[in-house]
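These notes concern the structure reproduced below.
The values are calculated or read from the model by the stated rules, or taken from the named source; none is laboratory data. What you see is a predicted model; the values in this text were computed from it and never measured. Surface accessibility is based on the protein's heavy atoms, side chains included, excluding ligands, DNA and RNA. Shrake-Rupley method; radii C 1.70, N 1.55, O 1.52, S 1.80 Å.
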Amino acid sequence: SLINTAMLKVYKASAGSGKTFRLVTEYLKMALKGDTRYRNILAVTFTNKATAEMKERIISQLFLLSKGEDTAYKKILLEETGFSGDVLIQKAGELLHNILFDYHRFAVSTIDSFTQKIIKSFNREVGINPNYQIELDNQIIVNESVDRIISTVGLNKKLQH
């Protein structure tokens, strides 16, 4: 199912239902509308594997489309954008070139990576040390907490009794 609010599109679908295909199609439709429009598109997925697959598919499809190859995406893009075949070839080539030479602005990421970028952007306002680290290993967190408690026992008279 698709939820469309202004410029936000959210897809909800089960595994194996073609989410990546649809997301890549939507990304390409939006990005092909302007040479640098990809800079204003954020595609967010759940896993690193899905992110890598989506990026690879976007780049490979742009390459194939720029060569005029028939792909599963070509027919849909021609129908849904209204571009002629020649215009699609030209736009795909220009977009591929721009993304490859401005790759850091090609924003396809996981939700957690996107969240980290937001937190880092506002860490001073939120009062978070800019050198913070995210740790997913619970044992490391427990060990560090115990070490901190033990190191402060000598400083806190209530804890010494």
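With the chain treated as a Gaussian network of Cα nodes joined by springs under 10 Å, which of ARG37, ARG148, ARG105 yields the largest mean-square fluctuation?
Largest GNM mean-square fluctuation: ARG148.
Just checking my list (i) 2, 9, 19, 24, 23, 14, 6, 2, 1, 0, 0; (ii) 2, 8, 15, 17, 17, 14, 11, 8, 5, 2, 1, 0; (iii) 1, 7, 13, 16, 14, 12, 8, 6, 5, 5, 4, 3, 2, 1, 1, 0, 0 against P(r) over Cα pairs in 5 Å bins from 0, in percent computed from this structure; which label fits?
(iii)
Report, to the nearest whole %, how much of the accessible area of the range 26-115 belongs to carbon and sulfur atoms, 1.4 Å probe, protein only. Don't jump to the answer; show the numbers that get you there.
Details: 2680 of 4950 Å².
Within the range 26-115, the accessible surface is 54 percent carbon and sulfur.
Between 0 and 90 degrees, rounded to the nearest ten: what's the tilt of helix 138-153 against the longest Cα principal axis of the chain?
Value to nearest ten degrees: 30.
What accessible area per residue, rounded to a whole number of Å², is obtained for the chain using a probe radius of 1.4 Å?
70
Give, in nm to one decimal, the length gained when the segment between THR115 and ASP102 is fully stretched (0.36 nm per residue of separation minus the Cα-Cα distance).
So the extension gain works out to 2.5 nm.
Kindly count the pairs of lysines across the range 64-152 whose alpha carbons are less than 18 Å apart, treating pairs on different chains or eight or more residues apart as eligible.
4
Calculate for the chain the 222 nm mean residue ellipticity that helices alone would give, adding -39,500 (n - 2.57) per DSSP H run of length 4 or more and normalising by residue count, nearest 500 deg cm²/dmol.
-17500 deg cm²/dmol
What angle do you read, to the nearest 10 degrees and between 0 and 90, between the alpha-carbon axis of helix 48-66 and the longest principal axis of the chain?
Taking Cα atoms only, the helix is inclined about 20 degrees.
Go ahead and set up a Gaussian network model of the chain, Cα springs under 10 Å, then flag whichever of GLY34, GLY18, GLY85 fluctuates most.
Of the options given, GLY18 has the highest mean-square fluctuation.
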